[in-house]
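The values are calculated or read from the model by the stated rules, or taken from the named source; none is laboratory data. Everything quoted here is computed from the prediction, not taken from an experiment. For neighbour counting, all protein chains shown are included, and Cβ atoms are generated from backbone atoms with ideal geometry for every residue, glycine included. Side chains are part of the model used for accessible areas, which takes the heavy atoms of the whole protein and leaves out ligands, DNA and RNA. Shrake-Rupley method; radii C 1.70, N 1.55, O 1.52, S 1.80 Å.
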Amino acid sequence: MSYKRLTPCIFIENGKAIRWFDDKEVIAEDVVALAKHYCNMGADELIIFDLSDSDEEHAEAISLMKKVTHSISIPMIAGGNIKTQDDVKKILYAGAKRAILNFSKAVSFELIEEVSKKFGKERIAVSLNDFDTLFKQQHLIEEYSYEIVFMHRLDLNSVVNVTEIPCVVLTDTMEQHEILKILKSDGVKGVSGLYISQLDMDFNAFKTICDENNIQMTSFESQMEFSEFKLNKEGLLPVIAQDYRTNEVLMLGYMNKEAFEHTVKTGRMTYYSRSQKKQRLKGISSGHFQYVKSLTIDCDKDTLLAKVDQIGPACHTGNHSCFYQPIVGADVDTKNSLQVLESMYKSIAEQKKNPQKDSDTTSLFDKGLDKILKKIGKKTAEVIIAAKNPNPDEIKSELSDFLYHAIVLMVEKGITWDDIIDEFENR
């Protein structure tokens, strides 16, 4: 079964979000906050277009894309101002799932094979303004791209007859019945544009309307029905939530059928509150949402494991995990390398946000980038000297100091561990 997606779009010009290609009204001063708003309201993915005219504005737009991908848990595809392979690289390295080549420009015809072979076909999309371009460039599009973004309304039945590549339709219509008609079309995997990008759009409510019109809308598709699970005496399914990055166990909750289906449909963890006797979206009051990465049932089908992207602490006490009180046994070495590095990063970032008196870290941030770079240069030299020393403790100490200052630089420049891991993977 084909599941459809709701994909709001953001047009960046001069660092701000404007309404449309030819409508320069600013709808949001803060692009990142707008992206987070769409994500929290239930959007399935996001399209961003860079409408910059200068290299300086283009660099600012790329920076905003990177900040967006760190702030949302839904996929982002992005395009605009792409002229070279390096432009595609910058967009992908900013965290975009795919880069969009504008096929109204001849330079994209020459570029698509190169970037497809370099980064992979699945990382490339094309935008089309008319059916004629699809017909003329069909071979290039099908061989070197993964999806099509149609930039206006067109005869979708004709498109389906020409190509099997899934498409997203970006339209300026504000008519709900037109949106539903587009979503019912075979080959259309999602819809975007003015209607979908309304600031007061409740995507979950609109998905209900879509369901009533026999259009399947969901972020995930469960391979099992809730009736196949073995429930406890209360008729509930126990759920263990685990941080997908560090594998840290965060909490234990419970689901009834409605909570499970809401979780699958929205991609956000929803539990059944035994005290309130109703389903409750995790984070609805605190903003500490849990975004689903995967759901796995155990061998007896009586316990669900949810790997999630946890926003803020999972526990109502303010602790990251509900499991923070040891009661039996001595301390054991349970260090998780990534967890330690993430914790150090968060601690340093917190000191940048909330300076502390007599703190070396705060002092570095106060003195600025040049001071941080000077420290890194000094620590690099000390690492080299220590490496010549046969005492392994010295090199461990100097590398630790170097890494600390490197993390300070990461925080100063807005680079996260995810950026570093993505860079390793791309290599």
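Just a few scattered comments:
- Diffusion constant of the stretch 252-346 at 10 °C, which comes from Stokes-Einstein with the Kirkwood Cα-pair radius and 1.306 mPa s, µm²/s: 105 µm²/s
- Share of alpha-carbon pairs per 10 Å distance bin for the chain, given as whole %: 4, 18, 26, 25, 17, 8, 2, 0
- Projecting label points 7 angstrom from Cα along Cα→Cβ for residue 280 and residue 417 puts them 3.0 nm apart.
- Mean shadow area of the stretch 298-399 over all directions, Cα convex hull, nm²: 11.9 nm²
- Normalised per residue, the accessible area of the chain is 53 Å², obtained with a 1.4 Å probe and no contribution from ligands, DNA or RNA.
- Bins of 10 Å from zero: percent of alpha-carbon pairs in the stretch 132-286: 9, 29, 26, 22, 12, 2, 0
- What you get for the chain, charging only the Cβ of Lys and Arg (+1) and of Asp and Glu (-1), is a dipole of about 1020 debye around the Cα centre.
- Among the protein heavy atoms, those of residue 139 account for about 130 Å² of accessible surface (1.4 Å probe, every chain in place).
- With R₀ fixed at 25 Å, the C-beta to C-beta distance from residue 3 to residue 343 puts the FRET efficiency at about 0.10.
- Accessible-area composition of the chain, carbon plus sulfur, in percent [1.4 Å probe]: 50 percent
- DSSP beta bridges in the chain [antiparallel fraction, %, rounded to 5]: 40 percent
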